[in-house]
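Undergrad: Quick one: the structure is below, and I'll ask about it shortly.
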Amino acid sequence: MTSSPEHRIEAELVSHIPALRNFARRFHNSPNDVDDLVQETLAKALNNLDKFEAGTRMKSWLFTIMRNTFCTRYGLTKREQVGLTPDCENRISIKPSQEDFVRAQELEEAIYKLPEKFRTVIELIFIQEVSYEVAANKCGCPIGTIKSRVSRARNMLCKALD
């Protein structure tokens, strides 16, 4: 009595369960989490048996499914807020944007009050994001002078903004 190709593939799939358990232990310490990952991997493999290419290594295919399953689940848990209660005191608060707006205006005013040679290097290096070499060429001075002006401009801005 010969078994059908589906039965052989399913039998091979079952034979890889111990290897899947060992591989799942790399991702989880908890035996329950290991079991869940193996179960989810097997379920996905069974649902997608038609996508398995005969002649390729099933073990590698299963490991790929497991790794992708873990990565997907891990990405979701990083975005979810687990364990938070609906109490108001535990809700995530959002910093008011007005303070950032005010600080940005203060920075803009402080930059405007800088002497022109310092304001120019701040604009070139930090706003236009050009290299020190390009800034030196535009200002007609050595790179060391540009670096010095940037350092002095930073110090002036720190003093102006506390």
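The values are calculated or read from the model by the stated rules, or taken from the named source; none is laboratory data. Fair warning: this is a prediction, and the values are worked out from it, not measured in the lab. Please note: Cβ atoms are built from the backbone with ideal geometry, for glycine as well, and neighbour counts cover all protein chains shown.
Undergrad: State all residues of the stretch 11-37 that are exposed (fewer than 11 other Cβ atoms within 10 Å of the Cβ) and either among the small types (Gly, Ala, Ser) or outside the structural domain of Tyr74 (by TED's automatic domain parsing) (or both); if no residue qualifies, say none.
TA: Residues satisfying the conditions are Ala11, Ser30.
Undergrad: With respect to Leu49, is the statement that it is aliphatic (A, V, I, L, M) and modelled with pLDDT of 75 or more true?
TA: So Leu49 passes the test.
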